[in-house]
Amino acid sequence: MTPFGYARPVARPTATGIVATRAGRALTRTQNWLELLKFSAVGASGYAINLTVYIALLKGAGLHYLPAAASSFVVAVTNNYFWNRHWTFRHHRGHVYYQGMRFLVVSVVALGLNLALLRGLIALDAGKIVGQAIAIVLVMPFSFSANKLWSFRT
């Protein structure tokens, strides 16, 4: 047994070394890459849904950009949870309520990040639609990592 309770030796017996070793091992697993591709496909559908609903609420309903972004995010997250649970992470099926609550927590944090980025991008004159498009993309790495490592962990 090595330091930190690992059965196999790690490159460096420090917290950073352990993280680097685990990340290196994770990058060599085909299943992780397949899950990333599936998550990206689900994310692309959520991205399209998010922008479509956002534009409809912004231009069609005349909503302020922040409530429009929050509302469109809720619609997209519902779509994403369903497809990630039933397709992307179907081999990591845990209790629907526990996974759902974890997914909700990750989504609320992601929404906060999205709204902060959107507000900043609009302050930089990126435009409301372009700003939302960019903010969604910037939040995706956090969302994938948190959902893979926490929400759908079994």
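Readers should treat all values here as calculations from the given coordinates under stated rules, not as data from a laboratory. This one's a predicted model, so the numbers in the text were calculated from it and none came from an experiment. Cβ: placed from backbone, ideal geometry, glycine included. Neighbour counts: every protein chain shown.
Along the axis of the charge dipole computed for segment 30-151 (Cβ charges of +1 for Lys and Arg, -1 for Asp and Glu, origin at the Cα centre), the listed residues Y65, L121, L149 are led at the positive end by L149.
Electrostatic bookkeeping for R90 treats Lys and Arg as +1 and Asp and Glu as -1; over the other residues with beta carbon under 15 Å from its beta carbon, the sum is +4. For segment 66-154, the dipole from Cβ point charges (+1 on Lys and Arg, -1 on Asp and Glu) about the Cα centre works out to 360 debye, to the nearest 20. Here's the list of lysines a cross-link from K38 could span, going by alpha-carbon distance under 24 Å and ignoring same-chain residues fewer than 8 apart: K148.
By the rule of a C-alpha distance below 17 Å, with chain neighbours fewer than 8 residues away ignored, the lysines paired with K59 are K128.
Return L58, L36 ranked ascending by Cβ neighbour count within 10 Å, so the fewest neighbours appear first.
L36, L58
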